[in-house]
Amino acid sequence: MPARDLRRIDTNGVTLEVVVEGEGPLVILLHGWPQCWYLWRHQIDPIVNAGFRVAVPNQRGYGGSSAPREIEAYNVRELAADVVGLAQALGYDEFTLIGHDWGCIVAWNTALLHDDRCTAIMGLSIPFWRFGPDFTNPPQDGFWYARLFQTPGLAEADLEADLAGSLAGIYHGLSGDVPAGTFLQQLDHPATASFRDVFPPPATLPLWLTRDDLDTYVGEYRKSGFHGPNSWYRNILTHDANTAEIADKRFRQPAAFAAGAKDVALMLDPDWRRAFEPAFDDLRCVDIIDGAGHWVQMEKPAEATASILRFLHSLG
């Protein structure tokens with residue numbers, strides 16, 4: 001895997017670390033939780049070789065990027081403004097945006113809030129959803145990761161006590177390597193359980209996550225910790241109020257979606273297509289990739305990259 005240089009780019013009042021490579025139309029790749037720019041390591045070169053300029057930030061709160069302490073600094077409107085400001089800093093008025101997990105949530109919202117700038121949009125893993133209070137506080141008692149994040153410092157202390165174990169356990173536990181339903185079994189654990197109890201690190205790392213890969217992730221989280229990343233979850237219930245003007249807005253840009261066939265996000269709502277697909281004027285493809293779980297770019301890199309390139313080439 002070639003070494004990557006991370007530039008420091010000022011945008012929207014913060015400074016982001018960003019991998020910037022290639023020449024051509026701008027494609028911005030957004031990671032989610034608990035990831036960083038390194039999630040896209042298999043996709044950068046193929047997209048560059050296809051004739052695009054690629055920008056891959058550590059989003060606010062991650063790695064060596066700015067990590068404000070104020071929880072409200074991680075609301076979705078600010079995160080979307082970071083993306084637009086990044087494109088402007090690179091000299092682009094328009095860009096294509098591709099996001100995964102929380103980066104996908106930011107991408108969907110950016111496409112609606114800034115449809116004059118974001119001219120094409122692709123999401124991986126998370127369909128366009130509005131999140132209600134049941135997501136952060138489900139009726140069942142027991143461990144629920146998003147509920148723990150609502151108390152600042154609680155999940156941070158747990159996750160940071162063993163970064164390697166926490167990250168390896170989460171990556172493995174949400175992958176296609178575990179039995180269906182494993183993710184929801186967290187509710188069977190007491191609310192006081194550790195992440196490493198709920199998502200134990202595997203005895204052997206999967207083939208798609210090498211020891212060097214894991215060490216890279218650990219290094220990024222040693223810089224930032226989890227306060228910023230977890231604070232994205234603390235703003236979920238502010239999304240609708242902060243973006244009221246797009247409540248009934250449709251996606252007018254060319255769009256695409258891809259996810260692993262075993263992705264836990266799709267299992268949370270098996271009927272996700274019914275509400276998702278009608279929201280788009282030009283939904284060009286929906287690719288469901290066999291054998292992959294939540295980390296489709298890592299688990300099935302060739303298939304995920306092919307899906308992305310098909311969409312990019314369709315833009316003409």
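The values are calculated or read from the model by the stated rules, or taken from the named source; none is laboratory data. Fair warning: this is a prediction, and the values are worked out from it, not measured in the lab. Cβ placement follows ideal geometry from the backbone for every residue including glycine, while neighbour counts extend to all protein chains displayed. Protein only, heavy atoms only, side chains kept; ligands, DNA and RNA dropped before computing areas. Shrake-Rupley method; radii C 1.70, N 1.55, O 1.52, S 1.80 Å.
Determine the per residue accessible area of region 239-288 with all protein chains present and a 1.4 angstrom probe, expressed in square angstrom. Please list the in-between numbers first.
Working: 2560 Å² over 50 residues.
Per residue, region 239-288 has an accessible area of 51 Å².
Backbone geometry of region 11-23 corresponds, through the Karplus equation with coefficients 6.51, -1.76 and 1.60 at θ = phi - 60°, to 3J(HN,Hα) couplings of 7, 6, x, 10, 10, 10, 7, 9, 7, 10, 9, x, 9 Hz, x marking Gly and Pro.
Within the listed set 122, 267, 298, the Gaussian network model of the chain (springs between alpha-carbon atoms below 10 Å) gives the highest mean-square fluctuation for 267. Remark: region 66-72, residue by residue, has Karplus-estimated 3J(HN,Hα) of 4, 9, x, 7, 5, 4, 5 Hz, where x stands for each Gly or Pro and the curve is 6.51 cos²θ - 1.76 cosθ + 1.60 at θ = phi - 60°. Lys and Arg at +1, Asp and Glu at -1: add these up for the other residues within a Cβ distance under 13 Å of residue 103 and post the number. Local charge sum for residue 103: -1.
Efficiency by 1/(1 + (r/R0)^6): what FRET value for residue 222 and residue 135, r their Cβ-Cβ distance, R0 = 45 Å, to the nearest 0.05? Working shown, then result.
Values: r = 29 Å, r/R0 = 0.65.
The value I calculate is 0.95.
Taking every Cα-Cα distance in region 1-137 and sorting them into 5 Å bins starting at zero, the pair-distance distribution P(r) comes out as 2, 10, 21, 26, 22, 12, 4, 2, 1 percent. For region 1-72, the equivalent ellipsoid derived from the Cα gyration tensor has semi-axes of 23, 13, 10 Å, listed largest first.
Under the membrane-span-like helix rule (DSSP H runs whose alpha carbons stretch at least 18 Å along the helix axis, mean Kyte-Doolittle hydropathy -1.0 or higher), the chain yields 76-89, 301-314.
Starting from the exponent 0.38 and prefactor 2.2 Å, build the expected Rg for region 162-246 from its residue count and divide its actual Cα Rg by it.
Rg over 2.2 N^0.38 Å, computed on Cα atoms: 1.31.
Taking amide H positions as modeled 1.01 Å from N, with prolines and chain starts lacking one, the residues under 5 Å from residue 292 and 5 or more places away or on another chain are 261, 262. Just name one of 204, 312, 260: the one whose Cα is farthest towards the positive end of the charge dipole of the chain (beta-carbon charges, Lys/Arg +1, Asp/Glu -1). Going by the charge dipole, the pick is 312.
Each principal axis of the Cα atoms in region 255-316 has its own extent, and those three values, largest first, are 32, 29, 12 angstrom. The three principal axes of the Cα atoms in region 68-109 give end-to-end lengths of 30, 21, 12 Å, sorted in falling order. When the chain is modelled as a GNM with alpha-carbon springs shorter than 10 Å, which of 139, 190, 25 fluctuates the most? Looking only at 139, 190, 25, the largest GNM fluctuation is found for 139. Both radii were evaluated on the Cα set of region 92-248; the Rg over Rh quotient, with Rh as the Kirkwood radius, amounts to 0.99.
For every other residue with a beta carbon closer than 12 angstrom to the beta carbon of residue 291, add +1 if it is Lys or Arg and -1 if Asp or Glu, then tell me the sum.
-3
If you add up the charges near residue 197, with Lys and Arg at +1 and Asp and Glu at -1, over every other residue whose beta carbon is less than 12 angstrom from its beta carbon, what do you get?
-2
Computed from the C-alpha gyration tensor, the three semi-axes of the ellipsoid equivalent to the chain are 27, 22, 21 Å, from longest to shortest. Per-residue ellipticity at 222 nm computed for the chain from its helices equals -9500 deg cm²/dmol, with DSSP H segments shorter than 4 residues left out and the rest contributing -39,500 (n - 2.57).
Beta carbons within 10 angstrom, averaged per residue: use that to sort the peptides 154-160, 183-189, highest first. Walk me through the numbers before you get to the answer.
Values: 154-160: 17.6, 183-189: 15.4.
Packing order, densest peptide first, comes out as 154-160, 183-189.
A dipole drawn for region 43-124 from +1 and -1 charges on Cβ atoms has a positive end, and of 66, 47, 95 the residue lying farthest that way is 66.
Taking max minus min of the alpha-carbon positions on each principal axis, region 131-203 gives extents of 34, 29, 22 Å, largest first. Binning the C-alpha pair distances of region 163-316 at 5 Å intervals from 0 yields a P(r) profile of 2, 8, 12, 15, 19, 18, 14, 9, 3, 0, 0 %, listed from the shortest bin outward.
Residue 261 to residue 191: extension gain in nm, 0.36 nm per residue of separation minus the Cα-Cα distance?
Numbers: separation 70, 0.36 × 70 = 25.20 nm, distance 2.92 nm.
Difference between extended and current length: 22.3 nm.
Net length available on complete extension from residue 279 to residue 315 is 11.0 nm, with 0.36 nm assigned per residue and the Cα-Cα distance removed.
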